[in-house]
There are 2 protein chains.
Amino acid sequence: MWKKEIRLAGSGGQGLGLAATVLASAALQAGLYVTTLQSYGPEARGGASRSDVTLSDQDIANPWFSRPALLLALNQKSWAKFGGNLAEGALAVVDSNWVEAHEYPGVLALPLEQMAKAELREKIAANMVAVGVIGVLLDRLPLAILAEAAYLKAPKGFERINKAAVELGWHVMEQIKGGVEREHIGGA
Amino acid sequence: MWKKEIRLAGSGGQGLGLAATVLASAALQAGLYVTTLQSYGPEARGGASRSDVTLSDQDIANPWFSRPALLLALNQKSWAKFGGNLAEGALAVVDSNWVEAHEYPGVLALPLEQMAKAELREKIAANMVAVGVIGVLLDRLPLAILAEAAYLKAPKGFERINKAAVELGWHVMEQIKGGVEREHIGGA
């Protein structure tokens, strides 16, 4: 059985609900089982809100988990709240412009918001850049399906930007992965 | 404390995830706390999938519930699966074209899909008609906020239809409610 428990965390305005929806929609398209668990409250904006997503190739009995295998943290508060509670061998993707988490071994610190701003002129698309990065790490969802889900679920006027942001995150992560693999075999 | 546990059930293609998103978004706008819990799987289309939504005026400790206070059932399978497991005094809204549930006391059987088709030429908007009906029953979300959420969260090209469908469901339910209240005081 393959199962991945993913926590998407940040402030209420950072589009984590949409990121969860895009991952869920793409995973369903790819034939997986999906649960999403989201909490919102008046305090979420500026705080540490979260969306939990579970993907599996079998029916998911319990959408609850305390220690995700994959954490996305888009701000320092959410890293402080959830970064200490990860599954063994977990990976964390953090926005390096906002989160200080360099000491942790499984952290990928990427300038997600800066990438979205520099490449797409829309820093708000950082969530979708993160979705692209996560897509590579999951190794189960084809880019075409993920990008299409981002397009279809985007708010009015953001269809192309969000699709492009997923592709950007995907390609950057593929390059990093390639670099890591080359290092492992003694290359550059 | 005010809290309402809502189960939205039907087949995978009936837009229950969107209905949950619209309710959640409107409730957040209205200053409430919200959790959503959704399960999707390859078998959902044609079956009995569900989205659970909890609304409260206080922080929600547990998004799980087994017996909702408000059930929406858009097909017979979902009524068969969830109709027997309701909280005391619960209400159930069912699509009368698809669900046989007349014997149950708290049931509102409305031709949701037929209303969407007749008034809006889009039977797929039955989910949003249901959202409007639920909005009246909740008595916490202003119509303007709910309709705006339906507009903003709609898929491309469905913005106006979905907003109009919420308004349709709302107004029909207001009339029914008015009728029930008149009956109670001995009027027509």
| message | Looking at B:9, B:19, can you tell me which residue is more than 21 Å from residue A:64 (Cβ to Cβ) and either more than 16 Å from the chain's Cα centre (by Cα) or among the aliphatic types (A, V, I, L, M) (or both)? | response | B:19
| note | Residue hits (the stretch A:48-82; touching a Lys or Arg at 6+ places or on another chain (Cβ under 6 Å) and either in a loop (DSSP other than H, G, I, E, B) or polar (S, T, N, Q) (or both)) are A:48, A:56, A:68, A:69
| message | Among the residues in the stretch B:12-20, are any at pLDDT 95 or above, surrounded by fewer than 22 Cβ atoms within 10 Å (Cβ to Cβ) and in contact with a Lys or Arg (Cβ under 9 Å, 6 or more places away or on another chain)? | response | no
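In this structure, does residue A:85 turn out to be part of a loop (DSSP other than H, G, I, E, B), more than 14 Å from chain B (Cβ to nearest Cβ) and out of contact with any Gly (no Cβ under 9 Å at 6 or more places or on another chain)?
yes
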| Could you say whether any residue in the stretch A:97-111 is surrounded by fewer than 17 Cβ atoms within 10 Å (Cβ to Cβ) and within 14 Å of chain B (Cβ to nearest Cβ)? | no
| request: Considering only the stretch A:28-74, state which residues are touching a helix residue (DSSP H, G or I) at 6+ places or on another chain (Cβ under 8 Å), closer than 21 Å to residue A:85 by Cα, without any contact (Cβ under 8 Å) to a residue 60 or more places away in the chain and hydrophobic (A, V, I, L, M, F, W, C). | output: A:44, A:48, A:53
| query | What about residue A:94, is it away from every other protein chain (no Cβ under 14 Å) and assigned to a strand (DSSP E or B)? | reply | yes
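Quick check on residue B:162: is it touching a residue at least 24 places away in the same chain (Cβ under 8 Å), closer than 18 Å to residue A:156 by Cβ, in contact with a helix residue (DSSP H, G or I) (Cβ under 7 Å, 6 or more places away or on another chain) and part of a helix (DSSP H, G or I)?
Criteria met by residue B:162.
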| Across the stretch A:97-145, which residue is modelled with the lowest pLDDT among those that are outside any helix (DSSP H, G or I) and of a type in the set (D, E, K, R)? | A:103
| note | Reported set for the stretch B:22-68 where residues are within 22 Å of residue A:27 (Cβ to Cβ), over 12 Å from the mean Cα position of the chain (by Cα) and more than 9 Å from chain A (Cβ to nearest Cβ) is B:45, B:46, B:47, B:48, B:49
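The values are calculated or read from the model by the stated rules, or taken from the named source; none is laboratory data. On a predicted model such as this, the values are computed, not experimentally measured, just so you know. Cβ coordinates were reconstructed from backbone atoms using ideal geometry, including for glycine residues, and neighbour counts include every protein chain displayed.
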